[in-house]
Amino acid sequence: MIVIHGKSSSDKKVSGVITFYRRDVFEPLMEHIDDPLAEYERFAAARDTAAQELELLFDIAAKRAGTEAAGIFEIQKMMIEDKDFSSLVSGLIRSQKCSAEFAVKCASKIFSDLLRFSGSEYMSQRSEDIFFTGDRIIRKLAGVEKRLGHYDHDVILCAETLSSSDILLMQSPFIAAVAVKRDASMSHCALLCEGLGIPLISDLGEKLDRRLEGLEASADCSTGMLIIKN
């Protein structure tokens, strides 16, 4: 038996098969462009489409998890529409003559790092929202849709971290609990899990290893323990 200690605000005890969420990563590369104005217009159109998508996610979340948890998507929409973010993307496109995809990637990292290294644990956990909103815009620009997991048996869904939209759109009666490596106790992921009634254990660290895939486990959220049968 393997016991991994983490953090949880739930008191539920559930069981399932350890199943790692395989993030569908899309990584834009540096590409030279000849028309910065047209490239910025591409970005603006993708940004506006992503903002409309977040409005729809707000409506879905409000019905499933309540308006407080749904407010996550309003905040992400504000991040996408932030004038400083758009100005930085514009400046990168003009100065580097790079694609909109690459400019959004760089701008997202700059803004995310500002929060991550702010010295505030709360703001640090907000940094992931910027990464996820940037990824949403990049996918709109590239025409690449995210593939989500589907499950037909009880699972304890494991990952380094998860976005709130992933959890919302993957919502399944077979997700018994979510377990993540990073401390997500003050994250939007935790807020949405609570609203959806999905127990979450976070801050499990590197002991939450992919070699545990497929093993039966139980999540004792009252103590923050993930107990794996090996």
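All of the numbers you see were taken from the coordinates with simple rules; none came from a lab. Because the structure is predicted, anything quoted here is derived from the model rather than measured. No Cβ is skipped: glycine too gets one built from the backbone with ideal geometry, and neighbour counts run over all protein chains shown.
Here are a few things to note about the model shown:
- Order by protection proxy (mean Cβ within 10 Å, highest first), peptides 159-167, 9-17, 69-77: 159-167, 69-77, 9-17
- Counting only Cβ charges, +1 for Lys and Arg and -1 for Asp and Glu, the dipole size of the chain around its Cα centre is about 380 debye.
- Sorting the Cα pairs of the chain by distance into bins of 10 Å, from 0 upward, gives 8, 31, 32, 20, 8, 1 percent per bin.
- Over every Cα atom in the range 94-230, the radius of gyration and the widest Cα-Cα span, Dmax, amount to 16.7, 55 Å.
- With the charge dipole of the chain set up from +1 on Lys and Arg Cβ and -1 on Asp and Glu Cβ about the Cα centre, the Cα lying farthest toward the positive end among the listed residues Gly134, Ser15, Tyr122 is that of Ser15.
- Average Cα contact separation per residue, the chain, under 8 Å, 6 or more apart, as relative contact order %: 36 percent
- The Cβ shell under 13 Å around Val104 holds other residues with a net charge of +1, Lys and Arg each +1, Asp and Glu each -1.
- Folded to 0 to 90 degrees: helix 121-142 orientation relative to the chain principal axis, Cα: 60 degrees
- Within the same chain, lysines fewer than 8 places from Lys13 are excluded, and of the rest, those with a Cα less than 17 Å from its Cα are Lys229.
- Relative to the Cα centre, the charge distribution of the range 36-142, modelled as +1 at Lys and Arg Cβ and -1 at Asp and Glu Cβ, gives a dipole magnitude of about 320 debye.
- Only Lys, Arg, Asp and Glu carry charge here, each on its Cβ (+1 for the first two, -1 for the last two); on that basis the range 25-75 has a dipole of about 380 debye about its Cα centre.
- Between the range 120-139 and the range 164-206, the alpha-carbon centres lie 16 Å apart.
- Global form of the range 36-142, assessed from the alpha-carbon gyration tensor, a/c cut-off 1.5: oblate
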